[in-house]
Amino acid sequence: MTAAAAVEVRDLHKSFGDLEVLKGIDLRIAAGEVVCVIGPSGSGKSTLLRCVNLLEEPTAGQVLVGGVELTDPEIDIDAVRRGIGMVFQQFNLFPHLTVTENLTLPQRRVLRRSKAEAGEVAASGLRRVGLVDKAEAYPAQLSGGQQQRVAIARALAMAPRVMLFDEPTSALDPELVGEVLGVMRGLADEGMTMVVVTHEMSFAREVADRVVFMDDGVVVEDGPPAQVVAAPRHDRTRAFLSRLLDPAAGPASGDAAVKAAGPAEHGAAP
C-alpha cells in the first residue's frame, strides 16, 4: 500500500469571478521533500499555496494533507491547519508584542500550552533561527530579515508537519535574503516537508528535490532542478528562466493577470 503523501492536490481549480487562476492542478509531495514552485506573476503560484491550507477555498478539486482531505465539508479545518505552517511575503508580526510574545501567543491560544511551555518552545525556536538575543525586542527594532526569521520561528513553534513559504524573501533588501534562505536550508537538512514559492533560483537549484514551473494556471514542467532549471524541456520554461536570469529581456508573461486575481497572488495574510 502506498503511503499517504504529505501534500496531495487533485484536479484543483480556483476562480476569482470570471478569472480562472488554477486550471486543474495535480501535485503530490512526499514527506521530507522540498518542492520549489516557480513561474511568472499571475501564474497561480500563491493561489495554489493558499489553497493547500484553505486560506482560499478551491472552486473544484481536492486537497489532502497527510492523507486527510481538507476539502471535505465535514473536516475540522482548524485542527488540520495546525499541522501546516505558513510564512508570507510580509512578516505579519504583532507590532505591539515582543518577539517572544509573538511566538508564545499562538501556542497558548491555539495549542493551549502553558506560559512556561510556550516560553521554552519560543526560546528553542529563536535559537534555531539565530535570534536568541532579540527575544525582548519589538518588530520595529528588527531588520526585515530578522522579522522574517521570527515569522519562521513562530510557524515552527506550532510543530507543523508541512511548511509553506510564499516568496519569503521578496520583501527583503538583497543583503538580507541570505540569512532567511540559510534558515530554510537548515530546515530542509532536518527533513522538513516544504513547499516554497520563490524566484531564488540558487535556492531552487541547491536545496529543492523538485522544481515545479507554473504558467497560466497549469503545471507546465515538474522535475529535479537539474532538469527544470538547468535543462528545461518546454519553451515556456526556457522563456521564463531567460527573462528571470536576464532582466534586460523584459518581464515574463502573465504579469497582467495578477492584478485581476486579487490579494492571493500577493501572498497577503487573510
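The values are calculated or read from the model by the stated rules, or taken from the named source; none is laboratory data. Predicted model only: the values in this text are computed from it and were never measured. Reconstructed Cβ throughout: ideal geometry from the backbone, glycine too, with neighbour counts over all protein chains shown. Just so you know, the surface numbers come from the protein's heavy atoms only, side chains and all, with ligands and any DNA or RNA stripped out. Shrake-Rupley method; radii C 1.70, N 1.55, O 1.52, S 1.80 Å.
Brief remarks on what is shown
- Accessible-area ranking of E206, E69, E74, E101, largest first, probe 1.4 Å: E74, E206, E101, E69
- For the chain, size of Cβ-based charge dipole, Lys and Arg +1, Asp and Glu -1, in debye: 560
- On a per residue basis, the convex hull of the C-alpha atoms belonging to region 82-178 measures out at 90 Å³.
- Helical contribution to [θ] at 222 nm, DSSP H n ≥ 4, -39,500 (n - 2.57), averaged over the chain, rounded to 500: -10000 deg cm²/dmol
- Gaussian network model of the chain, Cα within-10 Å springs - most flexible of S114, S124, S170: S114
- Per residue solvent-accessible surface (Å²) - region 99-223, probe of 1.4 Å: 41
- The structure-derived value of log10 I(q)/I(0) by the Debye sum over Cα atoms at q = 0.09, 0.12, 0.13 Å⁻¹ appears in the list (1) -0.52, -0.80, -0.89; (2) -0.35, -0.64, -0.76; (3) -0.40, -0.73, -0.85 under the label (3).
- Taking all Cα pairs closer than 8 Å and separated by 6 or more residues, the relative contact order of the chain comes to 28 percent.
- Region 23-93: C-alpha gyration tensor shape, a/c 1.5 cut-off, then a/b vs b/c: rounded
- Region 1-84 - percent relative contact order, Cα under 8 Å, separation 6 or more: 34
- On a per residue basis, region 1-73 carries 38 Å² of accessible surface, using protein heavy atoms and a 1.4 Å probe.
- Rotationally averaged projected area of region 12-146 (alpha carbon convex hull; nm²): 10.4
- Furthest towards positive pole of dipole, A60, Q227, A188, structure part the chain, Cβ charges: A188
- Solvent-accessible surface (1.4 Å probe) assigned to D215 amounts to roughly 20 Å².
- Ordered from highest to lowest accessible area with the whole protein assembly present and a 1.4 Å probe, E175, E167 read as E175, E167.
- Figure note: T59, T100 ranked by solvent-accessible area, largest first, 1.4 Å probe, ligands and nucleic acids not counted: T59, T100.
- Heavy-atom accessible surface of the chain: percent carbon and sulfur, 1.4 Å: 50
- Springs join every pair of Cα atoms under 10 Å in this Gaussian network model of the chain, and among I29, I77, I38 the largest mean-square fluctuation is at I77.
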